[in-house]
Amino acid sequence: MANRPRAGAVRKSKKGPTKGTGGHGRKALEGKGPTPKAEERPYHPAAKRKELAERSAAKGAGRGQRSSGSGETAGRRPAAEESEMVTGRNSVLEALRSRIPASTLFVAARIEVDDRVREILSIATKRGIPVLEIMRPELDRLAGRDAVHQGVALKVPPYEYALADDVLDRVLRSGGTPLFVALDGVTDPRNLGAIIRSAAAFGGQTVIVPQRRSVGVTASAWKTSAGAAARTPVSMAPNLTQTLKALKKRGLFVLGLAGDGDVSLHDLELADRGVVVVVGSEGKGLSRLVCETCDAIVSIPITAATESLNAGIAAGVALYEVARRRARASGR
């Protein structure tokens, strides 16, 4: 009985009477649900990469494919070669110095900054290349299992190939004499880069690569070309033999390079004609169908002590000789 309040007692509260929330408190207890995927979070690097990929795909779909009389199709190489990552401080710096087209620079969070990193960031900023800071595990995944990225990686977009017919049209409209290079089975990107550089140095207007079983324009090829790939377009041929035949119909003379050629480069007299110089691989040389398509098989005189020349060097020698004869014919 002692605990019962006396009759008429009123319980007082400083806050006065309170009301319930009507169940609103339960929503706070339920949480926000599962964490969205990385590519669905607007500020996550994965979302930015997804957006770039979608833009690139939309651009490619809008541009479509163009066909030419030689059966060529403009566009990119197969999807497996859509893009690549250049990794490591020295490699990324060289790529940026060579003005390789780049879509994104990835930098590890809390990276130790040295002179190379400073220059990398400076060049990327001046060129307007997006710089994304990401955690090292994510950079490890982007760079690949065996890559040594040293905290930086550069994403190189797919190369936009030209059409040999389009390049030929431009050369003829300008009154120039065509000098093309075609590669048959060359798979080393450094050889491609060296050939692009030689073509640019000796007046070549394009380098033609087959769509299959051939090297494409990779970051390594860009670096070896020392920036020449930005000035000399690379054309893609779905079928090299058919492309060469189409160029022959338009008046170009097709020369294949081979150690056992029946015409010596010294005896070649084609300075006044449009020329396609065809370079084969170091191991197998020119394929049978390409050999049969050539108007002449040309050999480069070398000493007996040397078995053969590297594809890049052979192309450079042949291009120099054609350029020298043309200069002499024009009186320069």
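When Rg is the radius of gyration of the Cα atoms in segment 164-329 and Rh is its Kirkwood radius, what does Rg/Rh come to?
So for segment 164-329, dividing Rg by the Kirkwood Rh gives 0.93.
Once amide H atoms are built 1.01 Å from N in the peptide plane, which residues 5 or more positions from V278, or in another chain, come under 5 Å H to H?
A182, L255, G256, L257
Applying the Karplus parametrisation 6.51 cos²θ - 1.76 cosθ + 1.60 with θ = phi - 60° to the phi angles of segment 306-317, what ³J(HN,Hα) value in whole Hz is obtained for each residue in order, glycine and proline being reported as x?
Residue by residue, segment 306-317 yields 10, 6, 7, 9, 4, 4, x, 5, 4, 5, x, 5 Hz.
For segment 164-329, build the charge dipole from Cβ charges (+1 Lys, Arg; -1 Asp, Glu) around the Cα centre, then report which of G312, L192, V254 sits farthest towards its positive end.
Result: L192.
Between segment 287-332 and segment 203-279, what is the separation of their alpha carbon centroids in Å?
Cα centroid to Cα centroid, the span is 11 Å.
Using θ = phi - 60° and the Karplus curve 6.51 cos²θ - 1.76 cosθ + 1.60, what whole-Hz ³J(HN,Hα) does each residue of segment 88-103 get, with Gly and Pro shown as x?
Once rounded to whole Hz, the list reads x, 5, 5, 5, 5, 5, 5, 4, 5, 5, 7, 6, 5, x, 9, 9.
No value in this document is a laboratory result; all are computed from the given coordinates. All values derive from a computational prediction rather than experimental measurement. Ideal geometry is used to build each Cβ from the backbone, glycine not excepted, and the neighbour counts take in all protein chains shown.
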